[in-house]
Amino acid sequence: MRWRGVPLDVLLAASGVGLDLLTTAHVGDTPYLPAETHIPMALLAGLPMGLVRRRPVPVTLYLAVLLVVTDRLGSFTSNTAQILICVALGVAGFRSSARTVAAAVAATIAATALNIADPGVAVSTSTWMYSVLLPVFPAVLGAYLRGSAGRLEERDVTPDALLAAGGVAITVLSTWTSWHSGSQPVWVVGLLAVVGGLSLGIARRLPGLVFLLQGVLLVSADIYLNVAVNTCLILTLIAVGVFAMRVASWAWTGAAYLTGCLLAAIAVVGDGTEVTPFRVGVLMTLVATPVAIGRYLGMRQAAAVAGRLRAEESARLTLAQVRADQLAERERIARDVHDIVAHHVGAMVLRASAARYTAPDGPVADALSDIRETGHQVLQDLRDLLDLLRDPERQPDLPANPADVVRESAERMAAAGLVVDLDLDPATDQAPLIARASAARIVQEGLTNVLKHAGPGTQVRVVVSPAQDGLSVEIRNGRPPTTIERLPSSGRGLAGMRERVRALGGTLTAGPDGEGGWLLAAHLPARSAA
């Protein structure tokens with residue numbers, strides 16, 4: 001990425017050097033410089049254009065100094081510097097801040113005034129108007145492109161800069177020797193020539209407006225400056241081609257083609273011109289060529305956009321298919337888990353039910369009843385989980401009253417042998433349902449862990465109360481009364497509680513209480529974190 005755009009910089013530098021060589025090729029010795037200095041002067045003028053995309057303001061200031069120096073030396077390189085400085089100002093207007101662009105414009109105005117003022121002749125109002133408008137226009141044009149670049153799909157202004165530079169080069173190089181031959185002031189003709197060339201820089205963004213402007217300039221040149229008609233015709237054909245590329249409607253393209261033929265006829269048909277079918281065909285073919293090129297480039301661009309959209313749609317479809325495959329796999333796994341667990345839990349429930357009839361009364365009967373009810377609840381939870389995995393958009397069924405779940409868990413653990421002291425604050429009913437449901441699950445899991453690791457006979461105190469805009473859950477158990485055989489455990493219970501609390505944006509701590517027991521404390525905020 002470090003060398004990205006370097007070929008374009010090289011092309012800009014080579015174009016600047018080539019432009020100066022073309023401008024000064026017919027010039028021999030000057031009063032201060034021999035003919036051998038043309039190549040070094042061309043390098044001094046053109047090579048800085050390789051930096052114009054990255055350092056437009058310094059390049060503009062350099063060209064302003066070069067413009068003054070070459071003008072004092074009588075070098076024709078000053079003409080090249082005057083053209084290149086307009087290109088640099090356009091790039092500066094697009095890329096730089098208003099303050100730095102204003103400084104560059106001021107320096108260019110001063111350099112331009114010194115360039116066009118003859119020695120010993122006072123600077124006139126027309127000279128100042130030309131000196132001011134010539135630098136201001138490309139700077140304003142660059143700022144405009146910066147504000148409206150979003151209208152195109154791409155923000156690269158390189159084609160715009162090349163069009164503007166080429167337009168200025170065509171108009172200035174082909175007409176500057178005849179600016180004084182028309183009925184209008186020289187500064188007016190020169191300004192229109194520069195404006196006409198620079199306007200191609202916005203042709204891709206405002207093709208209709210630029211085409212209209214070129215048509216007006218062509219008609220004006222045919223009336224007031226006939227020697228510039230061919231140059232205006234070239235710019236008009238370029239504008240027609242860009243219009244055909246940017247406007248997808250065949251009707252508008254046909255209208256632009258007919259208008260281009262009419263303008264071309266105005267430019268080439270004079271009072272004594274004989275109109276023949278062959279000449280008409282040549283003229284229509286001349287106008288059809290840029291239209292065909294523009295339509296071809298427009299269709300290529302549209303095809304590229306369509307291909308990109310198809311690629312994006314294909315990526316979305318692939319992602320959707322992957323997600324569907326994942327959901328199908330989740331459903332299959334859930335079904336397998338349900339089948340395995342349901343088989344064993346169902347067998348356990350059936351055996352507990354059968355054993356219940358053999359021991360109708362006593363603690364054994366109560367334990368068997370509890371096993372049967374717990375097994376039924378496990379099977380129901382498994383079915384709910386399977387339904388949720390089959391339909392991820394389905395909201396899980398929350399308990400109607402989580403407080404009942406907390407009381408039921410405390411009663412079940414008390415029946416299993418724990419000494420449970422439950423403190424459930426009635427004010428917790430005002431908390432959001434999701435926080436109360438999570439608190440109920442934490443109480444269930446916490447009491448189960450006490451039974452597993454501390455055993456029957458252990459004293460447990462459970463406190464669920466409002467605290468700090470949420471709920472506070474505290475489960476504290478004392479020292480185990482005797483040495484017990486620990487029940488099998490997956491070790492995932494505490495991790496699951498942490499994940500549940502973290503999903504709500506709360507906190508959970510668990511560890512020894514310093515008195516031989518264990519303390520589990522959780523805080524659940526009223527509003528879950530995003």
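The values are calculated or read from the model by the stated rules, or taken from the named source; none is laboratory data. Computed from a predicted model, the values in this text were never measured in an experiment. Because the Cβ atoms are built from the backbone with ideal geometry, glycine has one as well, and the counts that use them run over all protein chains shown. Accessible surface areas use protein heavy atoms only, side chains included; no ligands, DNA or RNA. Shrake-Rupley method; radii C 1.70, N 1.55, O 1.52, S 1.80 Å.
Does at least one position in the stretch 189-202 carry a residue that is β-branched (Val, Ile, Thr), at pLDDT 80 or above, at negative phi and in contact with an Asp or Glu (Cβ under 9 Å, 6 or more places away or on another chain)?
yes
Between a residue in the stretch 237-255 that is at negative phi and any residue that is outside any helix (DSSP H, G or I) and basic (Lys, Arg), which pairs come within a Cβ distance under 8 Å, given they are 6 or more apart or on different chains?
VAL242/ARG204; MET245/ARG204; ARG246/ARG204
Please give the number of the condition GLY167 fails out of (1) in a helix (DSSP H, G or I); (2) open to solvent by 50 Å² or more (accessible area, probe 1.4 Å); (3) of a type outside the set (Ser, Thr, Tyr).
Failing condition for GLY167: (2).
Looking at (1) touching a residue at least 40 places away in the same chain (Cβ under 8 Å); (2) of a type outside the set (Val, Ile, Thr); (3) open to solvent by 60 Å² or more (accessible area, probe 1.4 Å), find the lone condition where MET284 falls short.
That leaves (1) as the condition not met.
How many of the residues making up the stretch 1-59 are assigned to a loop (DSSP other than H, G, I, E, B), open to solvent by less than 90 Å² (accessible area, probe 1.4 Å), more than 25 Å from ARG72 (Cβ to Cβ) and modelled with pLDDT of 85 or more?
Of the residues in the stretch 1-59, 1 are assigned to a loop (DSSP other than H, G, I, E, B), open to solvent by less than 90 Å² (accessible area, probe 1.4 Å), more than 25 Å from ARG72 (Cβ to Cβ) and modelled with pLDDT of 85 or more.
Answer with yes or no whether THR273 is outside any loop (DSSP other than H, G, I, E, B) and of a type in the set (S, T, N, Q).
Spelling it out, it is not the case that THR273 is outside any loop (DSSP other than H, G, I, E, B) and of a type in the set (S, T, N, Q).
Kindly provide the set of residues from the stretch 425-463 that are free of Cβ contacts under 8 Å to residues at least 60 places away in the same chain and within 17 Å of LEU508 (Cβ to Cβ), ordered by number.
ARG436, ALA437, ALA440, ARG441, VAL443, GLN444, GLU445, LEU447, THR448, VAL462, VAL463
Scanning the stretch 347-371 for residues that are more than 24 Å from MET413 (Cβ to Cβ) and open to solvent by less than 70 Å² (accessible area, probe 1.4 Å), which turns out modelled with the highest pLDDT?
Here the answer is ALA347.
Take THR276 and decide whether it is within 30 Å of ALA221 (Cα to Cα), free of Cβ contacts under 8 Å to residues at least 12 places away in the same chain and polar (S, T, N, Q).
Yes; evaluated as a whole, the condition is true for this residue.
If you go through the stretch 175-205 one residue at a time, how many are closer than 30 Å to GLY298 by Cα and either open to solvent by 60 Å² or more (accessible area, probe 1.4 Å) or without any contact (Cβ under 8 Å) to a residue 12 or more places away in the chain (or both)?
Total satisfying the criteria: 1.
Do any residues in the stretch 76-95 that are closer than 24 Å to THR177 by Cα and of a type outside the set (Asp, Glu) have Cβ atoms under 6 Å from those of residues that are outside any helix (DSSP H, G or I) and open to solvent by 10 Å² or more (accessible area, probe 1.4 Å), where the two are at least six apart or on different chains, and which pairs are they?
Note: pairs meeting the criteria are PHE76/VAL27.
Quick one: count up the residues across the stretch 194-248 that are among the polar types (S, T, N, Q) and closer than 16 Å to VAL291 by Cα.
Selection size over the stretch 194-248: 2.
Could you identify the single residue in GLN326, GLN321, GLN301 that is polar (S, T, N, Q), within 30 Å of LEU258 (Cα to Cα) and surrounded by 10 or more Cβ atoms within 10 Å (Cβ to Cβ)?
Going through GLN326, GLN321, GLN301 in turn, the sole match is GLN301.
Among the residues of the stretch 185-226, what is the count of those that are in a loop (DSSP other than H, G, I, E, B) and in contact with a Phe, Trp or Tyr (Cβ under 6 Å, 6 or more places away or on another chain)?
Result for the stretch 185-226: 0.
Assess whether LEU379 counts as being among the hydrophobic types (A, V, I, L, M, F, W, C) and modelled with pLDDT of 70 or more.
yes
Of everything in the stretch 85-115, what is open to solvent by 10 Å² or more (accessible area, probe 1.4 Å) and under 21 Å from ASP20 (Cβ atoms)? Give them in sequence order.
Matches in the stretch 85-115: VAL87, GLY90, VAL91, ALA107, LEU114, ASN115.
Among the residues of the stretch 198-211, is there at least one that is farther than 23 Å from GLY90 by Cβ and not β-branched (Val, Ile, Thr)?
Scanning the stretch 198-211 turns up no residue that is farther than 23 Å from GLY90 by Cβ and not β-branched (Val, Ile, Thr).
I need the full set of residues from the stretch 67-77 which are in a helix (DSSP H, G or I) and open to solvent by 10 Å² or more (accessible area, probe 1.4 Å), in order please.
Result: VAL68, VAL69, ASP71, ARG72, LEU73.
For residues that are assigned to a loop (DSSP other than H, G, I, E, B) and small (Gly, Ala, Ser), scanning just the stretch 397-441, find the one that is farthest from the chain's Cα centre (by Cα).
GLY417
Please enumerate the residues belonging to the stretch 230-272 that are under 18 Å from VAL168 (Cβ atoms) and of a type in the set (A, V, I, L, M, F, W, C).
Matches in the stretch 230-272: CYS232, LEU233, ILE234, LEU235, LEU237, ILE238, ALA239, VAL242.
Restricting attention to the stretch 223-244, which residues are open to solvent by 30 Å² or more (accessible area, probe 1.4 Å) and in contact with a Ser or Thr (Cβ under 7 Å, 6 or more places away or on another chain)?
Within the stretch 223-244, TYR224, VAL227 qualify.
Does THR483 meet the test of being in contact with a Gly (Cβ under 9 Å, 6 or more places away or on another chain), open to solvent by 30 Å² or more (accessible area, probe 1.4 Å) and modelled with pLDDT under 90?
In short, yes.
With the requirement that a residue be at pLDDT below 90 and open to solvent by 10 Å² or more (accessible area, probe 1.4 Å), what does the stretch 451-465 give you?
Across the stretch 451-465, the qualifying residues are LEU451, LYS452, HIS453, PRO456, GLY457.
Which of the numbered conditions does GLY496 fail, given that it passes all the others? Conditions: (1) under 17 Å from GLN444 (Cα atoms); (2) open to solvent by less than 70 Å² (accessible area, probe 1.4 Å); (3) more than 45 Å from the chain's Cα centre (by Cα); (4) at pLDDT below 85.
Here GLY496 meets the rest and fails (3).
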